[in-house]
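> Attaching a single structure in structure tokens format; questions to follow.
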Amino acid sequence: MKSTSHGEYLTRITKGGFVNCFLVRDDDGFTLVDTMLPKSEKGILEAAESLGAPIVRIALTHAHQDHAGSVDALNLAHAWRGPGGATDGRWLLHPAFPK
């Protein structure tokens, strides 16, 4: 994975030159926009750590696997909770997303 900073508040993480996610810096840490393909969580977490802040929120643009593929692994690794205490990312996703 490759990380590219675009100013003080935005970092793009790319995998294979065609799948991207973004870290948006805020006062309390990063908002991660999209989670890339499944099994991308390690590289995403390493990128955030190298930039010196935790990921505190996840925002998904849509439910395709190249955008939401690692949401469950990231949620479980950090015990982020959704509505009603949900422990996986499926509450964020369209019902057609594979389970």
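Laboratory data are not the source of any read-out in this text; all were calculated from the coordinates shown. Since the model is a prediction, treat every value here as computed from it, not as a measurement. Cβ: placed from backbone, ideal geometry, glycine included. Neighbour counts: every protein chain shown.
> Name the residues whose placed amide hydrogens come within less than 5 Å of the amide hydrogen of Thr35, ignoring near sequence neighbours (fewer than 5 apart) on the same chain.
Ala68, Gly69, Ser70
> Taking the Cα-to-Cβ direction at Tyr9 and at Ser50 and moving 7 Å from each Cα, how far apart do the two end points lie in nm?
The two pseudo-label positions are separated by 2.4 nm.
> So what's the stretch 2-78 giving for Cα Rg divided by 2.2 N^0.38 Å, two decimals?
On the way: Rg = 11.1 Å, N = 77, 2.2 N^0.38 = 11.5 Å.
Here the Cα radius of gyration is 0.97 times the empirical estimate.
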